[in-house]
Amino acid sequence: MDTDERLELATRNTAEVVEESELETLFAEGDPSVYIGYAPTGEMHIGHFTTMRKLADFLGAGMDVTVLIADLHAHLDDNKSPFDLLEARSEYYEETIEAMIDAAGADADRISFVRGRDFELDPDYALELLRMAAETTLSRARRAGSEVVRESDSPKLGGLLYPLMQTLDVDALDADVAYGGIDQRGIYMLSRELLPEHGGESPVCVFAPLLSGLSGGKMSASDESSKVNLNDSRDEVVEKIEAAYCPAGEREDNGVLEYLEYLVFPILDERGEDLVIERPEEYGGDLTYGNYDDLEADFLSGELHPADLKPAAGEAISEIVDPIRERLNDQPELLREAYPETDD
RNA sequence: CCGCCCUUAGCUCAGACUGGUAGAGCAGUCGACUGUAGAUCGACUUGUCCCCCGUUCAAAUCGGGGAGGGCGGACCA
């Protein structure tokens, strides 16, 4: 596989790459390392899943992939996870991420898992954190984390340490590439600025798109109807897609289309399968799509109606989520211990 | 260590001074209309009023105590 092919694989289906030329250089020189961090806070959902397929691409491009379970970050971000639950939630995240990686068609055994606590308490790390804290203004830290760290009436210092620690994580994990949702952009731009002054190098940043919510607008982790959960039953998934905002012929804020583009088709493509849409004869009969672009073209032209698309999309999505739900259901203690109050 | 302020529906809050067992907006649910959803109409639901004790025929409301949160002052070898 030549450099161009590796670059194409590593950058497809992304929201932004900063800077692509730097990534090209990395590929030309060897096998770059990439990491993505997840803070084990609330239950994982389909939004997390969209970042997984990309990990398979990275492996395919010959990169070393590390997944960071950022336990301390989960607590620092406005106490999203109570300190006492960090271990249980980390276990749940790790297991669920492995399940998603498998479901996305990648080999989880080729990915290294690391906990934040394993290195974020090292003296050298702590010292550099304090030095950064001495040099970074409150407003700069706030701005960097504004898309990630939860807004609160009583903001804690932890939320300001958060972006600095994430910056140090890049260096500590020896990552050439930082990968994450586009919401992480503010933090990694700070990283690119600070790291060279702190004994590191500016990471190349690869950002995944954030999916729109199913009820229009942004997806909200706290709004059940705006997202598909990994342990939603087949019926629940289908119901949520049926109820989703999906104006005929429109792409904007259309979560159903985005799920198909970033979740369903990348995985169908990996399996070499098509998406079959059943449609009553009176509307023209069944349709078959081998790629997203053709489907979108038909949807935008009005050839493909939302009422026909939705049931097929719902089935396809639930089929992808199936193995993850089963794996979680086989280990009910994972969720029970990670979310003692909310689990049912 | 001292002082002041806040805590009412899922959310933002009103009601407290002048006690009569609670309201608005948004959200949500259900219908109508669309070959989906949304929008739009129509209907409906929602509460340990932070906790405890007391005064009273009656306490979200008054008094005392407590918890949680916020702000300020003081101290500073």
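Read-outs: derived from the displayed coordinates by stated rules, not from any lab. This structure is a prediction, so every number in the text was calculated from the model and none was measured. Cβ: placed from backbone, ideal geometry, glycine included. Neighbour counts: every protein chain shown.
The trypsin sites (Lys or Arg not before Pro) of region A:1-102 that DSSP puts in a loop, and whose beta carbon has at most 15 other beta carbons within 10 Å, are A:ARG12. Computed over chain A with a Gaussian network model linking Cα atoms closer than 10 Å, the most mobile of A:TYR188, A:TYR93, A:TYR283 is A:TYR283.
Counting charges near A:GLY249 (Lys, Arg +1; Asp, Glu -1) among other residues having Cβ under 12 Å from its Cβ returns a value of -4. Based on the Stokes-Einstein relation at 37 °C and a viscosity of 0.692 mPa s, and on the Kirkwood radius from alpha carbon pairs, chain A is assigned a translational diffusion coefficient of 156 µm²/s.
Taking every DSSP bridge with both residues inside chain A, close to 30 percent are antiparallel. State whether region A:124-181 is rounded, prolate or oblate according to the following rule on the C-alpha gyration tensor (a ≥ b ≥ c being the square roots of its eigenvalues): a/c under 1.5 gives rounded; otherwise a/b larger than b/c gives prolate, and the remaining case gives oblate. Since a/c reaches 1.5 but b/c is at least a/b, the shape of region A:124-181 is classed as oblate. Sorted largest first, the principal axis extents computed over the alpha-carbon atoms of region A:224-338 equal 49, 29, 25 Å. Sequence-distant contacts, meaning Cα pairs under 8 Å at least 6 residues apart, place the relative contact order of chain A at 19 percent. Each principal axis of the Cα cloud of region A:184-272 was evaluated for its coordinate range; sorted largest first, these ranges are 52, 34, 30 Å. Across region A:77-82, computed HN-Hα scalar couplings (Karplus, 6.51 cos²θ - 1.76 cosθ + 1.60, θ = phi - 60°) run 7, 6, 6, 3, 10, x Hz from first to last residue, x flagging Gly and Pro.
Peptides A:214-223, A:120-129, ordered by how many other C-beta atoms sit within 10 Å of their residues on average, highest first, read A:214-223, A:120-129. Diffusion coefficient (Stokes-Einstein, Kirkwood radius over C-alpha pairs, 4 °C, 1.567 mPa s) for region A:3-208: 75 µm²/s, rounded to a whole number. For chain A, the membrane-span-like helices by this rule, meaning whole DSSP H stretches whose C-alpha atoms cover at least 30 Å of axis and whose Kyte-Doolittle mean is -0.5 or above, are A:306-330; this says nothing about an actual membrane. The residue list A:VAL276, A:VAL34, A:ILE317 was ranked by how far each Cα lies along the charge dipole of chain A toward its positive end, using unit charges on Cβ atoms, and A:VAL34 comes out on top. Contact order, relative form, for region A:239-290: 20 percent (alpha carbon pairs under 8 Å, 6 or more residues apart, mean separation divided by residue count).
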